[in-house]
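K.L.:
Take a look at this one; I'll ask things after.
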Amino acid sequence: MAGVTLTRGRKLAIAAASLATAATVVVPYAGSQAAAEPVRPGSIVAKTPTQHGKITSLMQHMSLEQKVGQLFVIEVYGRDANNVSDSAKQNNQRLYGVDTPAQAIAKYQPGGVIYFTTRGPDNIGDPAQVATLSNGLQDAALEHRPKIPLNIAVDQEGGALVARFGPASGATQMPGQMALGANGSTEDAARSAEVIGSELDAVGVTQDYAPVADVNLNPNNPVIGIRSPGADSAAVSDIVGAEVGGFDDGGISSIAKHFPGHGDTGTDSHYGLPEVTHTREELEAIDLPPFKAAIDAGIDAIMTAHVTVPAIDPSGEPATMSEPILTGLLREEMGFDGLIVTDALDMQGASETYPPDVAPVEAFLAGADQLLIPPEMDTAYAAVLDAVEDRTISRKRLDQSVYRILEHKLDNGIFRDPYVNAAAAPAVFDNPQHKADAQTITDRTTTLVKNDDDLLPLAPGAKDVLVAGWGVGTTAGIAAGFQERGATTQVLESGTTPTDAKIDAAVAAAEGKDLVVVPTNNAWQINATTGEPTPAAVAQTKLVKALLATETPVVVTAMRNPYDVTSFPEAATVLDTYGYTSHQLESLVRVLYGEVNPSGKLPVEIPDLYPLGHGLSY
């Protein structure tokens with residue numbers, strides 16, 4: 001496409017037009033499916049003297065306050081830039097002293113905004129609504145001179161855990177990192193990222209806070225788990241590198257997280273400050289290679305972790321506030337010159353140790369360029385401004401980060417075309433090729449861990465099936481899959497912590513059934529403080545064992561982390577799905593019936609039971 005420049009609006013128009021064909025012919029996805037969507041130009045353009053001149057000219061026309069504003073990425077409440085609910089107004093007033101998202105943009109002129117739904121701001125409805133919100137926020141940003149558009153971000157990792165655009169939004173639900181690790185295909189990983197990226201691009205999101213590049217070595221990691229591609233550093237590196245290219249092909253930039261690695265921790269940095277105990281040699285062999293792969297693939301940005309790493313910084317400073325880690329390791333040793341973005345500063349891994357006027361200054365001095373969601377924006381903004389004015393932060397250091405932020409926006413075409421076509425966005429979300437590719441990729445992720453009694457594959461024909469275990473949507477979705485294949489089903493959803501009454505009811509219901517399917521969610525989970533299984537793990541294990549004691553054949557399927565089999569090693573038939581999207585539920589039933597031959601391989605070791613790479617087929 002040399003010599004042709006497609007604006008984001010024109011790309012959406014082409015994407016919508018392509019659906020006339022896609023609506024009638026859905027191509028079975030066999031690998032890389034580049035022809036399934038309109039060809040998109042790369043989002044990264046060559047650095048030129050002209051671009052340098054544009055950036056320096058912009059900076060010459062920026063006030064000190066505007067430069068400081070560019071350092072922040074904030075959340076805003078509401079689904080429209082100007083018209084929001086009373087609840088959204090109250091929350092915007094609480095955070096910023098204004099009513100609307102547009103007023104928050106006008107007050108701070110921040111470098112970016114991040115969308116959320118479940119954590120409160122309620123930005124995400126249907127595609128046209130989000131696209132309209134994005135356009136309204138860009139309008140607010142561009143009302144001020146010099147006209148600098150926003151970087152609009154979201155956490156859309158794929159999978160069932162961290163997907164802000166969930167099923168209700170109509171977004172395609174890709175299988176997620178550990179499922180892709182079980183699949184092992186870099187082509188599938190790239191296509192997954194491309195689909196996610198193209199849908200985010202359609203609604204005005206310019207950057208995805210993905211891929212997760214952590215190597216999950218700790219089975220009891222409370223915050224990463226299936227968000228990681230697995231425990232093998234080389235395999236994680238391959239997946240992450242492929243995803244960087246996929247996001248770029250989808251039209252957005254990406255962020256590798258959480259540097260320098262959050263995969264071998266036993267504390268959730270949302271609620272505490274974890275320590276990574278790896279030696280320097282272990283870091284270089286395990287944690288750092290995926291980030292190096294992302295850098296080599298042209299990653300735009302890297303997100304910090306609120307973890308301490310004594311092997312790099314013996315002072316005990318979390319990586320987000322550590323100059324030896326951000327500047328010494330990431331910038332100088334690894335040669336990364338893109339954006340360094342903090343993880344959210346309202347997480348306790350940052351806020352528990354650093355007051356709201358200290359955390360942003362310390363993170364910036366350590367080497368961060370952008371400061372994500374400070375808990376008190378007025379305090380954080382004033383603290384950074386004061387630090388520049390009293391020369392704690394030099395003007396040169398400030399300008400380095402502002403230059404990178406503006407360069408990033410120019411590189412990714414946000415200055416050129418900050419707006420999207422809201423009317424065309426739904427067609428991109430509804431692209432049947434996206435849904436077909438998501439299902440095909442997901443079909444290659446399910447892992448058959450045990451089939452000791454050769455219960456699987458199930459013979460076709462009428463069956464009386466009990467689905468008893470975790471998850472309202474999960475149990476109902478599995479049952480629906482059986483019903484579509486002619487089975488009669490009974491659903492008994494037990495919750496995360498089944499009561500004795502629910503366990504007894506499930507045992508009674510199992511009598512006379514042809515099959516019991518038991519979905520679990522972290523039935524092997526250890527309380528890091530006590531070293532004992534959590535109440536939820538104890539109760540789910542009790543449910544599984546009680547059903548195993550009946551005379552009815554039982555299939556146990558771990559819907560989240562794959563370690564659950566450790567709690568009931570006597571179970572004869574066990575599968576891992578690494579998530580519970582609708583596609584993952586369908587793939588599970590397909591595997592149970594032999595419609596799909598299971599090909600997923602464990603991307604982690606199950607301690608004392610199964611090695612990394614284990615997985616059965618029919």
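K.L.:
Would you please name the residue that is farthest from Ala189 (Cα to Cα), looking only at residues in segment 591-618 that are among the charged types (D, E, K, R) and within 26 Å of the chain's Cα centre (by Cα)?
P.N.:
Among those that are among the charged types (D, E, K, R) and within 26 Å of the chain's Cα centre (by Cα), it is Glu605.
K.L.:
Which condition breaks for Pro535 when tested against (1) under 30 Å from Ala231 (Cα atoms); (2) touching a Lys or Arg at 6+ places or on another chain (Cβ under 9 Å)?
P.N.:
Here Pro535 clears every test but (2).
K.L.:
Can you find a residue that is assigned to a helix (DSSP H, G or I), touching a Gly at 6+ places or on another chain (Cβ under 9 Å) and buried (at least 19 other Cβ atoms within 10 Å of the Cβ) anywhere in segment 596-614?
P.N.:
For segment 596-614, residues assigned to a helix (DSSP H, G or I), touching a Gly at 6+ places or on another chain (Cβ under 9 Å) and buried (at least 19 other Cβ atoms within 10 Å of the Cβ): absent.
K.L.:
To continue, here is another question. Of all residues in segment 142-183, which are part of a helix (DSSP H, G or I) and either crowded, with 24+ Cβ neighbours inside 10 Å or among the aromatic types (Phe, Trp, Tyr) (or both)?
P.N.:
Hits for segment 142-183 are Gln177, Met178, Ala179, Leu180, Gly181, Ala182, Asn183.
K.L.:
Same structure, new question: Answer yes or no: is there a residue in segment 568-582 that is more than 27 Å from the chain's Cα centre (by Cα) and under 24 Å from Gln173 (Cα atoms).
P.N.:
no
K.L.:
All but one of (1) crowded, with 20+ Cβ neighbours inside 10 Å; (2) farther than 24 Å from Tyr115 by Cβ; (3) at pLDDT 95 or above; (4) not basic (Lys, Arg) hold for Glu323; which doesn't?
P.N.:
Status for Glu323: all satisfied but (1).
K.L.:
For the list (1) aliphatic (A, V, I, L, M); (2) surrounded by fewer than 24 Cβ atoms within 10 Å (Cβ to Cβ); (3) closer than 21 Å to Glu605 by Cα; (4) at pLDDT 95 or above, I need the number of the one condition that Leu217 fails.
P.N.:
In the conditions (1) aliphatic (A, V, I, L, M); (2) surrounded by fewer than 24 Cβ atoms within 10 Å (Cβ to Cβ); (3) closer than 21 Å to Glu605 by Cα; (4) at pLDDT 95 or above, Leu217 misses (4) alone.
K.L.:
Of everything in segment 184-207, what is within 15 Å of Thr442 (Cβ to Cβ) and part of a helix (DSSP H, G or I)? Give them in sequence order.
P.N.:
Correct list: Glu187, Asp188, Ala189, Arg191, Ser192, Ala193, Val195, Ile196.
K.L.:
Can you confirm whether His258 is modelled with pLDDT under 95 and either assigned to a strand (DSSP E or B) or of a type in the set (Lys, Arg) (or both)?
P.N.:
yes
K.L.:
Which residue pairs have Cβ atoms under 8 Å apart, sit 6 or more places apart or on different chains, and have a first residue in segment 398-414 that is free of Cβ contacts under 8 Å to residues at least 24 places away in the same chain and a second that is open to solvent by less than 10 Å² (accessible area, probe 1.4 Å) and part of a helix (DSSP H, G or I)?
P.N.:
That search, which allows pairs on different chains as well, returns nothing.
K.L.:
Could you count how many residues in segment 463-479 are in a helix (DSSP H, G or I) and touching a residue at least 24 places away in the same chain (Cβ under 8 Å)?
P.N.:
Of the residues in segment 463-479, 5 are in a helix (DSSP H, G or I) and touching a residue at least 24 places away in the same chain (Cβ under 8 Å).
K.L.:
What are the residues in segment 335-371 that are among the aliphatic types (A, V, I, L, M) and within 24 Å of the chain's Cα centre (by Cα), if any?
P.N.:
Selection gives Leu339, Ile340, Val341, Ala344, Leu345, Met347, Ala350, Ala363, Ala368, Leu371.
K.L.:
Another question, if that's okay. What are the residues in segment 101-115 that are open to solvent by 10 Å² or more (accessible area, probe 1.4 Å) and under 19 Å from Asn83 (Cβ atoms), if any?
P.N.:
Once the filter is applied, which keeps residues that are open to solvent by 10 Å² or more (accessible area, probe 1.4 Å) and under 19 Å from Asn83 (Cβ atoms), segment 101-115 yields Ala102, Gln103, Ala106, Lys107.
K.L.:
Moving on to the next point. Out of all the residues in segment 184-197, which are open to solvent by less than 10 Å² (accessible area, probe 1.4 Å) and of a type in the set (S, T, N, Q)?
P.N.:
The answer is Ser192, and nothing else.
For every residue, the table says whether it meets (1) within 25 Å of Thr342 (Cβ to Cβ); (2) touching a residue at least 60 places away in the same chain (Cβ under 8 Å).
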| site | (1), (2) |
| --- | --- |
| Ser85 | no, no |
| Leu95 | yes, yes |
| Ile105 | yes, no |
| Pro121 | yes, no |
| Ile124 | yes, no |
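K.L.:
Condition (residue is of a type in the set (Lys, Arg) and touching a strand residue (DSSP E or B) at 6+ places or on another chain (Cβ under 9 Å)) applied to segment 388-395: is it met by at least one residue?
P.N.:
Checking segment 388-395: not a single residue is of a type in the set (Lys, Arg) and touching a strand residue (DSSP E or B) at 6+ places or on another chain (Cβ under 9 Å).
K.L.:
Another question about this same structure. Name the single residue, out of those in segment 84-100 being open to solvent by less than 30 Å² (accessible area, probe 1.4 Å), part of a helix (DSSP H, G or I) and not aromatic (Phe, Trp, Tyr), that is farthest from Arg145 (Cα to Cα).
P.N.:
Only one residue tops the list, namely Ala88.
K.L.:
A further question on this structure: Quick one: in segment 274-308, of everything that is open to solvent by 30 Å² or more (accessible area, probe 1.4 Å) and hydrophobic (A, V, I, L, M, F, W, C), which residue is farthest from Leu329 (Cα to Cα)?
P.N.:
It comes out as Ala297.
K.L.:
Turning to a different aspect of this structure: Can you list residue pairs whose Cβ atoms sit under 9 Å apart, with the first residue in segment 208-229 being in a helix (DSSP H, G or I) and the second being β-branched (Val, Ile, Thr) and modelled with pLDDT under 95? Count only pairs 6 or more apart in sequence or on different chains.
P.N.:
Once the first residue is in a helix (DSSP H, G or I) and sits in segment 208-229, its partners that are β-branched (Val, Ile, Thr) and modelled with pLDDT under 95 give Arg227/Val162.
K.L.:
Which of the helices (runs of 4 or more DSSP H) found entirely inside segment 368-462 contain at least 1 residues meeting this: surrounded by 23 or more Cβ atoms within 10 Å (Cβ to Cβ) and charged (D, E, K, R)?
P.N.:
395-411, 432-443
K.L.:
Okay, next question. I'm told Gln540 meets every condition in (1) touching a strand residue (DSSP E or B) at 6+ places or on another chain (Cβ under 7 Å); (2) of a type outside the set (A, V, I, L, M, F, W, C); (3) farther than 22 Å from Gly181 by Cβ; (4) open to solvent by 20 Å² or more (accessible area, probe 1.4 Å) except one. Can you identify the failing condition by its number?
P.N.:
Going through (1) touching a strand residue (DSSP E or B) at 6+ places or on another chain (Cβ under 7 Å); (2) of a type outside the set (A, V, I, L, M, F, W, C); (3) farther than 22 Å from Gly181 by Cβ; (4) open to solvent by 20 Å² or more (accessible area, probe 1.4 Å) one by one, Gln540 breaks only (4).
K.L.:
Can you tell me which of Ala189, Ala160 is modelled with pLDDT under 95 and either within 11 Å of the chain's Cα centre (by Cα) or over 24 Å from Ala128 (Cβ atoms) (or both)?
P.N.:
Residue meeting the stated conditions: Ala160.
K.L.:
Anything in segment 482-501 that is under 13 Å from Gly469 (Cβ atoms) and not in a strand (DSSP E or B)? List them, or say none.
P.N.:
Across segment 482-501, the qualifying residues are Ser494, Gly495, Thr496, Thr497, Pro498.
The values are calculated or read from the model by the stated rules, or taken from the named source; none is laboratory data. Source: prediction; values computed, not measured. When we count neighbours, we look across all protein chains shown, and the Cβ atoms used for this are built from the backbone with ideal geometry, even at glycine. Note: areas computed on protein heavy atoms with side chains; ligands, DNA, RNA excluded. Shrake-Rupley method; radii C 1.70, N 1.55, O 1.52, S 1.80 Å.
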